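Have a look at the structure below before the remarks.
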Amino acid sequence: MQSKHAILDALEKMRGEFLEQVKKITEELAFEHQAGKLEELRIEFLGKKGKLTQILKGLASVSPQDRAEIGKVSNQLKVEFSNALEQAKSKMKEKYYASLHDAEWIDMSIPPAAELHQHFGGSVHPISLTQKKLENIFTSMGFSILDGPQVETDYYNFGALNFTDDHPAREMQDTFYTEQGHLLRTHTSAVQVRGMKKLKPPMRMIVPGRVFRYEEVDASHEHTFYQMEGMILEKEVSVSHLLYLMQTLLKEIFESEVEVRLRPGYFPFVEPGFELDMRCLLCKGEGCSVCKKTGWVEVLPCGLVHPEVIKSGGLNPDEWQGAAFGLGLNRLVMMEHNIEDIRLFMGAHVPFLSQFKEILN
Ligand code: FA5
């Protein structure tokens, strides 16, 4: 049996301990180690099994009135802790930028100290790592790798893909337009028709690349992100070819079976179209900010190529059939490495990036 005062005392003691640790990390630790330590601290105090939860277990034995008071204090503490962590992070960034400024005065001809080399030796971006892994898988299955312009025409991004001028589906992908009437491609599907014109069928191609959308940014949405388009054109292609391709891809990436579900999906350039979702590996399907509390993450929309698109490629849809998919690379990499926030990819954040010190082979 614990009294209200005992719990409030424990919370106050925990507060002191937390703030002291944050101060210590900010003042004493080299900035490149701070992000990791701050996250450890957050988990130690605020995590599911953290100190706050442990203290609040005592709530069961106090009166409802006292419980409300303690609840209020603990909510205030959470806000205070989050603010302290945010402040520590901005200090960390300041130190980082200051170090870049100092670095301008380094004599570039002196070999870097081992310590510096370890931190700033450069590393491959996690998206590039997974992109390369996928490219290896697909080229081993006879796929060619294609690229296309990031500043595109309306025709290749929309018109050639069976989006009529007033098609409401254009609004599914909010678009950045240039003053000259071009646009930043909203998907790698913009390369489908370019690819059909370039490669003779039967053909298999993938198109990894950067795409842009006028999006509200949050834990799972970026305005600039990466996709990988895949397309095959053969005399006969069925939904089972498509599913086989999708399963192979996910199995190779995750090196084990992952739970997936298939839903009908609508895209003007495929018929039928599907949405392939995978179980959110961050929360194990329990619901988090990345999967928007659904337990599932949209990663792989796909379908059979619409006959109108085959015509746009200058081919006869009675002669050729196709399947296509558009993999969301950022979200796949988030699942692969347990990354909780998509914004980390573009944040130029050294402690984050230096976790991926793998070498490409
Ligand atoms: C498309 O972009 C279609 N071109 C995909 C396609 C290709 C369908 C071929 C059929 C055949 P969608 O808008 O759903 O579809 O985006 C595809 C994937 O990109 C999503 O599943 C998601 O993983 C990722 N994605 C979409 N918007 C964002 C965003 N703002 N930030 C990060 N990832 C995103």
As I understand it, the dipole of the range 22-97 uses +1 on the Cβ of Lys and Arg and -1 on the Cβ of Asp and Glu, about the Cα centre. Which of 84, 59, 47 lies farthest toward its positive end?
59
Sorted peptide list for 282-289, 59-66, criterion being average Cβ within 10 angstrom, highest first:
282-289, 59-66
Note down the magnitude of the dipole of the chain about its Cα centre, charges +1 on Lys and Arg C-beta and -1 on Asp and Glu C-beta and zero elsewhere, to the nearest 20 debye.
800
With a Förster radius of 51 Å, plug the Cβ-Cβ distance of residue 75 and residue 178 into 1/(1 + (r/R0)^6) and report the FRET value to the nearest 0.05.
0.60
Cβ neighbours within 10 Å, averaged per peptide: list 264-273, 215-224 in order, most packed at the top.
264-273, 215-224
Cysteines in the chain that, by Cβ-Cβ distance, have no pairing candidate under 4.7 Å:
302
XL table 198/293; 57/284; 49/292; 37/72; 132/197; 23/49; Cα-Cα > 31 Å flagged, in table order, is 198/293
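Rounded to the nearest 20 Debye, what is the dipole magnitude of the range 6-57 about its Cα centre when Lys and Arg each give +1 and Asp and Glu each give -1 at the C-beta?
Roughly 320 debye, rounded to the nearest 20.
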In whole Å, how far is the Cα centre of the range 1-61 from that of the range 71-103?
15
Solvent-accessible area per residue for the chain at a 1.4 Å probe radius, Å²?
54
Apportionment of accessible area to carbon and sulfur, the range 205-262, percent (1.4 Å)
47
With a Förster distance of 45 angstrom and the Cβ-Cβ distance between residue 292 and residue 8, calculated FRET efficiency to the nearest 0.05 equals 0.80
Antiparallel DSSP beta bridges within the range 126-356, percent to nearest 5
95
Identify, among 14, 125, 109, the residue whose Cα sits farthest towards the positive end of the charge dipole of the chain, taking +1 on the Cβ of Lys and Arg and -1 on the Cβ of Asp and Glu, with the dipole about the Cα centre.
14
Could you give the dipole magnitude of the range 4-118 about its Cα centre, charging the beta-carbon of Lys and Arg +1 and that of Asp and Glu -1, in debye to the nearest 20?
840
Considering every pair of different Cα atoms, what Kirkwood radius, in Å, is found for the range 126-356?
18.1
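The values are calculated or read from the model by the stated rules, or taken from the named source; none is laboratory data. Everything numeric in this text was worked out from a predicted model, so none of it was measured. Please note: Cβ atoms are built from the backbone with ideal geometry, for glycine as well, and neighbour counts cover all protein chains shown. With ligands, DNA and RNA removed, areas are computed over all heavy atoms of the protein, side chains included. Shrake-Rupley method; radii C 1.70, N 1.55, O 1.52, S 1.80 Å.
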